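Here is the structure we will look at, set down as structure tokens.
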Amino acid sequence: MSSLKDEIDMQNLPVHIAIIMDGNGRWAKKRFLPRKLGHKAGADPLENITKAADKLGVKHLTVYAFSTENWKRSDEEVKGIMDLLRNYLDRYVAKADKEDIKIDIIGERSRLDQDIQEKIKLIESISADKPGLNLHIALNYGGRDDLLRGFKKIAGRIEDGSLRAEDITEEMISENLDTGFYPDPELVIRTSGEERISNFMLWQIAYSEFVFNSKLWPDYTEEDLYGDICYYQNRDRRFGGR
């Protein structure tokens, strides 16, 4: 059976793909299940898509796991998401010697439970030298919050006299964001059919190509990823030129 993977131009892979994993709640609602089971169902696609991207040779994958606005959800749903995160991190640690994926977290972690913060430190440490895909998990992340924290870092340098306002550049702003250590995404995928950014990487996606996939996240497969990459490769990326 042929696969869309065979149609991908391996010389034109996006270096960085970002995914807004949307639709877990609606997936559960359609099946008359609690929302937390929708989030649980979304764990397998994350693992499958990460492995598929790694095998393709994609260098960076950023996934939007929990936003700064998601704290507004019910205590039960938030607890369910955090428990799933704990399980994900523990599973990775248990099989870390067999994985080649490097994992780090972007976002403001101080609001997270202390045990989760410790698990994050551990997984970032043990995966730091892995040679494969860089998986960036956006957790308690918001694009505006990212910019605000970045601007405060720059403002601090102006206050202490080590930087002049006129010396601020776009590159400097980028370097002071959570994503300052890797390239901006060329491709942003949002599942569930919604067509909005939802406060995700506002600075970094200035010239990204967008694909709004109608699949709910728990139903999203490797074949969907291959199709979205093919769709991206057929775009004419002009960056404001003709």
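For region 24-46, check the following and say yes or no: at least one residue is closer than 18 Å to residue 227 by Cβ and basic (Lys, Arg). For region 24-46, residues closer than 18 Å to residue 227 by Cβ and basic (Lys, Arg): absent. When residue 22 is tested against (1) part of a loop (DSSP other than H, G, I, E, B); (2) more than 17 Å from the chain's Cα centre (by Cα); (3) closer than 15 Å to residue 192 by Cβ, just one condition goes unmet, and that condition is (2). Among the residues of region 28-66 satisfying the criterion of being open to solvent by less than 40 Å² (accessible area, probe 1.4 Å) and farther than 30 Å from residue 182 by Cα, which is farthest from the chain's Cα centre (by Cα)? Result: 28. Here 202, 177 are screened, and the one residue that is crowded, with 18+ Cβ neighbours inside 10 Å, in a loop (DSSP other than H, G, I, E, B) and either within 16 Å of the chain's Cα centre (by Cα) or charged (D, E, K, R) (or both) is 177. Contact annotation: residue pairs with Cβ atoms under 6 Å, 6 or more positions apart or on different chains, pairing a residue in region 217-235 that is of a type in the set (Gly, Ala, Ser) with a partner that is part of a helix (DSSP H, G or I) and surrounded by 15 or more Cβ atoms within 10 Å (Cβ to Cβ), are 227/4.
For first residues located in region 120-143 and touching a residue at least 40 places away in the same chain (Cβ under 8 Å) and at positive phi, partners that are buried (at least 21 other Cβ atoms within 10 Å of the Cβ) and not hydrophobic (A, V, I, L, M, F, W, C) and lie 6+ apart or on another chain with Cβ distances below 7 Å form the pairs 140/107. The combined condition, being at pLDDT 95 or above, more than 17 Å from the chain's Cα centre (by Cα), open to solvent by less than 70 Å² (accessible area, probe 1.4 Å) and of a type in the set (Gly, Ala, Ser), is not fulfilled by residue 142. Residue 149 meets each of the listed conditions (1) over 18 Å from the mean Cα position of the chain (by Cα); (2) closer than 23 Å to residue 82 by Cβ; (3) surrounded by 16 or more Cβ atoms within 10 Å (Cβ to Cβ) apart from (3). (1) within 14 Å of the chain's Cα centre (by Cα); (2) at pLDDT 95 or above: which one isn't true of residue 69, the others all being true? Looking at each condition in turn, residue 69 falls short on (1). Selection over region 117-139 of residues that are under 17 Å from residue 178 (Cβ atoms) and open to solvent by less than 10 Å² (accessible area, probe 1.4 Å) gives a count of 7.
The values are calculated or read from the model by the stated rules, or taken from the named source; none is laboratory data. Please read these numbers as outputs of a predicted model, since none were measured by experiment. Glycine gets a Cβ as well: all are built from the backbone with ideal geometry, and neighbour counts include every protein chain shown. In case anyone asks, the SASA skips ligands and DNA or RNA and just uses the protein heavy atoms, side chains included. Shrake-Rupley method; radii C 1.70, N 1.55, O 1.52, S 1.80 Å.
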